[in-house]
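Just below is one structure, and these are the notes that go with it.
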Amino acid sequence: MFGIDPSFLSSLFQVIMIDLVLAGDNAVVIGLAAAGLAPKLRRKAILIGILAATVLRICFALLTTQLLSLGGGLLIAGGVLLLWVCWKMYRELTVSHDEEQEATEALANADLNADGSVASRAPKKTLRQAVTQIIIADVSMSLDNVLAVAGAAQHHFEALIFGLALSVVLMGVAATFIARLLHRFRWIAWIGLVMILIVAVRMGLEGLGAFVAIPEIPFLYTPHAVAGAAAVAH
């Protein structure tokens, strides 16, 4: 209908959901790291973290999309890495309510639970300690985001570009809002987790399909699609 490929719309929806969840997840990690700082340093650490995540996403996008286009073993490796991302997300989704509240308050720099303080229960730390934690987390989570978006795009270059641009905008402009949104509506994060799991399995199957014959699996693997992509690459 209207000349729009349904598979493109499906990929675009998955990309948006993954971006939404991972941007919020990254923001919560930044907030947790910054929560133990004095109020004057907290905003500085959060700004450094968001800027670093934005730059890293752009850099990883340039490298990762080129590597994944080679297919085969690199796609399998990407799928395995995304399974690890799913495990990390599951652990983060089961973090205590108090810890998440501290992170959200630190990001918003506001007393959201009306207890008379902002992220006061977090362990105290220096700006260097907080920034070090944030940069290490940003490297991992930015790579996670780029891999997940590239996998969800499924050879739709427009969806890939849109997803990477959206992830940069979400981290740079709306990270605090999204973290609060996911804190309030937990089910959005769980849907995102399921989508990343599907992308991980699909990516692994596409890579494996370059070496062995795999029958078609609805919604996960179509042999002719992989063959067609390989033909285009050559």
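Read the figures in this text as sums done on the coordinates, not as results from a lab. In this text, all values refer to a predicted model and were calculated from it rather than measured experimentally. Don't worry about glycine lacking a Cβ; one is built from the backbone with ideal geometry, like all the others, and counts go over all protein chains shown.
A compact table of results
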quantity: Spacing of the two label points (7 Å from each Cα toward its C-beta) at residue 7 and residue 83, in nm; calculated: 2.4
quantity: Approximate spin-label separation residue 181-residue 41, in nm, with each point projected 7 Å along Cα-to-Cβ; calculated: 3.2
quantity: Peptides ranked, highest mean first, by Cβ atoms within 10 Å: ranges 134-147, 75-88; calculated: 134-147, 75-88
quantity: In Hz, Karplus ³J(HN,Hα) per residue of the stretch 35-51 (6.51, -1.76, 1.60; θ = phi - 60°; x = Gly, Pro); calculated: 4, x, 8, 5, x, 5, 8, 4, 5, 5, 5, 5, 5, 4, x, 5, 5
quantity: Most to least packed among 211-218, 47-54, 30-37, 7-14 [average Cβ atoms within 10 Å]; calculated: 30-37, 47-54, 7-14, 211-218
